[in-house]
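Undergrad: Submitted below is the structure of interest, expressed as structure tokens.
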Amino acid sequence: MKQPAGPREIEAKLITGLREKGYKLTSQRLEIIKQLSQDRSHPGAMDILQKVRKRIPQISVSTVYYTLEMLKREGMIGELEFYDRDNRYDVNISNHINLICRNCGKIEDFTEAVPFSSQKIEEQTGFQPEGMRFEYYGYCKNCSSKLR
């Protein structure tokens, strides 16, 4: 199994990607990218805002949302949308399974092979997948031990 990229590698990849696409790399955008690359918890926009404000107190909510939307639109991060909680953001854009705790909301990546490849789906059905999202819902190690 391939080891996940480290924070510096993720940060460099996001910065390089934006630079290649012609985006301005403001200090606020760079700080958001830094926070995203260091936080593997799939943070929400307000989590990112709270942490970035410790270093840049004047950063606005709209700047955080705009930067996240830009990164998502460019295919550099994923957004996990929920109907009953805040959306969360994932720097791991490879195909993987998200393990979502029903109790505390923690999201972990499970990076073993996903059940089906998009090639197999297309070969068998003619459907051309453009993306996928696999999620398992249950209880994380911490919450399951408390529920016993």
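Undergrad: Would you check which residues across the range 45-101 are among the aliphatic types (A, V, I, L, M) and within 25 Å of Asn142 (Cβ to Cβ) and list them? Steps first, please.
TA: Just the residues of the range 45-101 that are among the aliphatic types (A, V, I, L, M), to begin with: 45-46, 48-49, 52, 56, 59, 61, 64, 68, 70-71, 76-77, 80, 91, 93, 97, 99-100.
Those that are among the aliphatic types (A, V, I, L, M) and within 25 Å of Asn142 (Cβ to Cβ): Ala45, Met46, Ile48, Leu80, Val91, Ile97, Leu99, Ile100.
Undergrad: Further question: Show the residue pairs that are 6+ apart or on different chains and have beta-carbon atoms under 8 Å apart, the first residue being within the range 16-37 and among the acidic types (Asp, Glu), the second being at pLDDT 95 or above.
TA: Glu31/Val52; Glu31/Arg55; Glu31/Ile56; Glu31/Ile59
Undergrad: Could I ask something else about it? Is it the case that some residue within the range 113-135 is in contact (Cβ under 8 Å) with a residue 24 or more places away in the chain and open to solvent by less than 50 Å² (accessible area, probe 1.4 Å)?
TA: Yes, that holds for at least one residue.
Undergrad: Now a separate question. Quick one: which helices (runs of 4 or more DSSP H) lie wholly within the range 38-136 and hold at least 1 residues that are closer than 26 Å to Leu147 by Cα?
TA: No helices (runs of 4 or more DSSP H) qualify here.
Undergrad: Could you grab me the full set of residues in the range 57-73 that are aliphatic (A, V, I, L, M) and surrounded by 14 or more Cβ atoms within 10 Å (Cβ to Cβ)?
TA: Ile59, Val64, Leu68, Met70, Leu71
Undergrad: Pick from the range 80-92 the residues that are in contact with a strand residue (DSSP E or B) (Cβ under 6 Å, 6 or more places away or on another chain) and acidic (Asp, Glu): which of them is surrounded by the fewest Cβ atoms within 10 Å (Cβ to Cβ)?
TA: Among those that are in contact with a strand residue (DSSP E or B) (Cβ under 6 Å, 6 or more places away or on another chain) and acidic (Asp, Glu), it is Asp86.
Undergrad: Show the residue pairs meeting these rules: Cβ distance below 7 Å; 6+ apart or different chains; first residue within the range 40-51 and without any contact (Cβ under 8 Å) to a residue 24 or more places away in the chain; second residue surrounded by fewer than 17 Cβ atoms within 10 Å (Cβ to Cβ) and assigned to a helix (DSSP H, G or I).
TA: That search, which allows pairs on different chains as well, returns Leu49/Val61.
The values are calculated or read from the model by the stated rules, or taken from the named source; none is laboratory data. All figures in this text were calculated on a predicted structure; none of them were measured in a lab. In this analysis, Cβ positions are derived from the backbone assuming ideal geometry, glycine residues included, and neighbour counts consider all displayed protein chains. We work out accessible area using only protein heavy atoms, side chains counted, and drop any ligands, DNA or RNA first. Shrake-Rupley method; radii C 1.70, N 1.55, O 1.52, S 1.80 Å.
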